[in-house]
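Asks: Handing you a structure now.
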Amino acid sequence: MTPLERQRAEAARGFMPADEGAALYEAALLADTELGPLLEVGSYCGKSALYLGVVARDTDSVLFCLDHHRGSEENQAGWEHHEPDLVDPALGVMDTLPIFRRTVYDAGLEPWVVALVGDGPRIGRNWTTPLSFLFIDGGHGEEPARLDFELWTPLVAEGGILAIHDVFPDPADGGRPPYEQIYLPALEAGFTDVSATGSLRVLRR
Ligand code: MG
């Protein structure tokens, strides 16, 4: 990742702090992309796609970016992470896809970053390709987190990397579902810790 690429990722719209973004990039570098493509659950405006997309490019692989682009529960009006300008004024619903596309296009990563637009569980139930790298940063409610674990983590290839965002072992620091519904079950399923940076956890199968 060049200094300019890093700068661009840091400036992109989203909720990932710079140190966690750097750690996410380092985690993707650990992936053996011969095992399969990279995939992220929860792309929002494309910030994390910039950290991961350069790895897809440099390894001649693909990053799939899964999101319905209608915003998670916590992004809706009245919730903590709502950004009103992301609401499509004609429809009255959120639409982050145009910004995602623009972000990826501006970074020159379009050939290696493929958007999967739709309901995560519906796509997950029909997905069979093993993954060298999985990043889960989807809906932070209990049910979405549980489903992300259940449907996507079995697809991580042996030796593959799993990264999880917004993992807070201490309830005082943030919401429980990524920790309780994804991180702990992953350990139980045989993943082992590789690193922890802020709320980002990196594990290997
Ligand atoms: Mg997050």
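Asks: Just wondering, is there one or more residues in region 87-103 that are within 16 Å of the ligand (Cβ to nearest atom) and open to solvent by 60 Å² or more (accessible area, probe 1.4 Å)?
Replies: Checking region 87-103: not a single residue is within 16 Å of the ligand (Cβ to nearest atom) and open to solvent by 60 Å² or more (accessible area, probe 1.4 Å).
Asks: A follow-up question, please. Only one of Ser48, Ser132 is touching a helix residue (DSSP H, G or I) at 6+ places or on another chain (Cβ under 9 Å), at pLDDT 95 or above and outside any strand (DSSP E or B); which?
Replies: Answer to the check: Ser48.
Asks: Kindly list the number of the only condition in (1) modelled with pLDDT under 95; (2) among the β-branched types (Val, Ile, Thr); (3) touching a Lys or Arg at 6+ places or on another chain (Cβ under 9 Å) that fails for Val87.
Replies: It fails just one condition, (3).
Asks: While we're on this one: Going by the structure shown, is Gly198 small (Gly, Ala, Ser), within 22 Å of Gly21 (Cα to Cα) and free of Cβ contacts under 8 Å to residues at least 40 places away in the same chain?
Replies: Against the criterion (small (Gly, Ala, Ser), within 22 Å of Gly21 (Cα to Cα) and free of Cβ contacts under 8 Å to residues at least 40 places away in the same chain), Gly198 does not qualify.
Asks: Something else: Here are some conditions: (1) crowded, with 17+ Cβ neighbours inside 10 Å; (2) farther than 21 Å from Thr128 by Cβ; (3) within 15 Å of the ligand (Cβ to nearest atom). Trp79 meets all but one. Which one does it not meet?
Replies: Among (1) crowded, with 17+ Cβ neighbours inside 10 Å; (2) farther than 21 Å from Thr128 by Cβ; (3) within 15 Å of the ligand (Cβ to nearest atom), Trp79 violates only (1).
Asks: Restricting to region 138-158, name every residue that is open to solvent by 30 Å² or more (accessible area, probe 1.4 Å), in contact (Cβ under 8 Å) with a residue 40 or more places away in the chain and within 16 Å of the ligand (Cβ to nearest atom).
Replies: Within region 138-158, His140, Pro144 meet the criteria.
Asks: Right, here's the next one. Of the residues that sit in region 51-70 and are open to solvent by 10 Å² or more (accessible area, probe 1.4 Å) and within 19 Å of Leu97 (Cβ to Cβ), which one is nearest to the ligand (Cβ to nearest atom)?
Replies: By that ranking, first place goes to Asp67.
The values are calculated or read from the model by the stated rules, or taken from the named source; none is laboratory data. Fair warning: this is a prediction, and the values are worked out from it, not measured in the lab. Neighbour counts are summed over all protein chains in view; Cβ atoms, including those assigned to glycine, are modelled from backbone coordinates with ideal geometry. SASA here: full protein model, heavy atoms, side chains in, ligands and nucleic acids out. Shrake-Rupley method; radii C 1.70, N 1.55, O 1.52, S 1.80 Å.
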